[in-house]
Amino acid sequence: MNVTTLPKPPRVGLVSLGCPKNLVDSERIMTKLRSDGYDMSPDYAGADVVLVNTCGFLDSAKEESLEAIGEAIAENGRVVVTGCMGKEADVIRERFPDVLAITGAHEYEQVVGAVHDAAPMPANAFLNLVPEGGLKLTPRHYSYLKISEGCNHRCAFCIIPHLRGDLVSRRPDAILREAEKLVAAGTRELLVISQDTSAYGVDMRHKAFPLKSGGEVRAHMTDLSRELGKLGAWVRLHYVYPYPHVNDVIPLMAEGLVLPYLDIPFQHASPDVLRRMRRPANDAKVLQRIRAWREQVPDLAIRSSFVVGFPGETDQDFAYLLNWLEEARLDRVGAFKFEPVEGAPATSMDDQVPAELKQERYEAVMALSARISAEKLAAKVGSTIDVLIDRVDDVEPVDEGADRGHFDAPHAVHHHEVGATGRSKADAPEIDGEVHLRDARGLKPGDIVSVRIEDADEHDLYGVPLETVAD
Ligand code: SF4
């Protein structure tokens, strides 16, 4: 018998830092490498080359990226760097002269080429190792869907446009094809991401593209959201700026096509601070609009992030922010202390806020948001909501007969009470709260179940599943 031994494929280790957008890039790179015949290594020791996908948004993120590169060099030695910090190749080279190659964000071909050079491809990579829907680093039941890259704004604290350039939208038909594949491969939740979702398609002048099912779709947030909503998965919109046309996606939420969830990075409320931040869609009537949205979709969950201690933020500005938060009663709030970023205009602005004051303001925003969140979650106790299961506890069989020393009857094998953790429509993965379930026997990740809420704390809900809504 002739036995052909396939050469062992080289193994690539991956360290992915930064935001969900970077995770999507890592997924694309790994999908390409898998289709080229590479294997992934879960640890440094087993990797022929380690790819570090860096984030360079804040100075602290840069430092984290440099530390990750240093660790990969120390543990493995063969390191390729990609991602936002690729723009600063000199800084990386100076500290780690042994790095094999450095490429920038979205330079897929270059980074894949660098891995090929560092660990040459097996001669016999004829097997298609890529599962339907690409290779994903997120659990199979939810997927990030990147709809555009770059940004046309120039917020004073941000260097993303410098790192990634102006807005470039993907074609809506290509996005829909990717989403269809993901849903066919088991995705139950599509998380729409970009730098500015509301601006999607502006660069294409909202051109219409034919759909293979007939009809057409415009490169526009409303049209794309509607088409995505028809695929049968949860559709969650991130990084939405409150431009007037956001009003048009609210009816899609009322129809159940899009989740009643908006992630709007307001960053501040004081008109003066917003103006100095050069924030887009800086609309003084935002509170009124939030009220109108909630009238149409009463269970709308709004998440946002805020920067405290932006240069020149006065006590009055900060008081304005606290009052605004009290009025807006957002569901989820993340706060950040302003951090100077090299290359961002705000870094050299006058009136930098002292560190202690930033800390004080940060704590005040967090305390207020925690109280509002606790109140809003407490109001859900007694209600029934849909929950998408993320994790199920390991089940340990317990032989009760053996426990009790009974040998005369067949042993009853029971299980400890099984718990599970999931998310409601109001919770995005990783950034929002969770729903903890007791009595979750028979459930698996990706199931959507109806849950009766029994308890709540500042961030999470606790409940018991009633029935499987869909499997
Ligand atoms: S909208 Fe502002 S903060 Fe967001 S990516 Fe664009 S420039 Fe940066």
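The values are calculated or read from the model by the stated rules, or taken from the named source; none is laboratory data. Computed from a predicted structure; not experimentally measured. Here the Cβ is made from the backbone with ideal geometry for all residues, glycine too, and neighbour counts use every protein chain on show.
Structure data summary
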read-out: Long-range neighbours under 7 Å by Cβ, at least six apart or interchain, first residue over 15 Å from Leu17 (Cβ atoms) within the stretch 75-98, second among the aromatic types (Phe, Trp, Tyr) and surrounded by 14 or more Cβ atoms within 10 Å (Cβ to Cβ); value: Glu75/Tyr44; Asn76/Tyr44
read-out: Residue list for the stretch 171-227, filter: away from the ligand (no atom under 16 Å from the Cβ), of a type in the set (Val, Ile, Thr) and within 29 Å of His153 (Cα to Cα); value: Ile175, Val217, Thr222
read-out: Cross-chain or 6+ apart pairs with Cβ under 6 Å, the stretch 32-53 first and among the small types (Gly, Ala, Ser), then assigned to a strand (DSSP E or B) and surrounded by fewer than 20 Cβ atoms within 10 Å (Cβ to Cβ); value: Ser41/Arg11; Gly46/Arg11; Ala47/Arg11; Ala47/Ser41
read-out: Members of the stretch 208-230 that are of a type outside the set (Gly, Ala, Ser), more than 20 Å from the chain's Cα centre (by Cα) and crowded, with 17+ Cβ neighbours inside 10 Å; value: Val217, Arg218, His220, Thr222, Asp223, Arg226, Glu227
read-out: The stretch 326-358 - residue that is in a loop (DSSP other than H, G, I, E, B) and over 27 Å from the mean Cα position of the chain (by Cα) and, of those, surrounded by the fewest Cβ atoms within 10 Å (Cβ to Cβ); value: Asp350
read-out: Check on Leu167, without any contact (Cβ under 8 Å) to a residue 40 or more places away in the chain and within 16 Å of the ligand (Cβ to nearest atom); value: yes
read-out: The stretch 236-256, residues that are assigned to a loop (DSSP other than H, G, I, E, B) and surrounded by fewer than 18 Cβ atoms within 10 Å (Cβ to Cβ); value: Tyr243, Glu255, Gly256
read-out: Residue satisfying all of: in the stretch 281-294; within 16 Å of the ligand (Cβ to nearest atom) and either of a type in the set (A, V, I, L, M) or under 23 Å from the mean Cα position of the chain (by Cα) (or both); nearest to Leu224 (Cα to Cα) among these; value: Ala281
read-out: Residue in the stretch 449-459 that is modelled with pLDDT of 90 or more, out of contact with any Lys or Arg (no Cβ under 7 Å at 6 or more places or on another chain) and buried (at least 17 other Cβ atoms within 10 Å of the Cβ) present; value: yes
read-out: Leading residue by the ranking (modelled with the lowest pLDDT) among those in the stretch 1-44 that are among the acidic types (Asp, Glu) and assigned to a loop (DSSP other than H, G, I, E, B); value: Asp36
read-out: Residue check for Ala47: farther than 19 Å from Ile160 by Cβ, touching a strand residue (DSSP E or B) at 6+ places or on another chain (Cβ under 8 Å), aliphatic (A, V, I, L, M) and assigned to a loop (DSSP other than H, G, I, E, B); value: yes
read-out: Residue list for the stretch 304-325, filter: assigned to a strand (DSSP E or B) and of a type in the set (Gly, Ala, Ser); value: Ser304, Ser305
read-out: Qualifying strands (runs of 3 or more DSSP E) (wholly inside the stretch 140-210; at least 3 residues being more than 30 Å from Pro445 (Cα to Cα)); value: 208-210
read-out: Residue within the stretch 265-280 that is without any contact (Cβ under 8 Å) to a residue 12 or more places away in the chain, more than 16 Å from Val192 (Cα to Cα) and away from the ligand (no atom under 16 Å from the Cβ) present; value: no
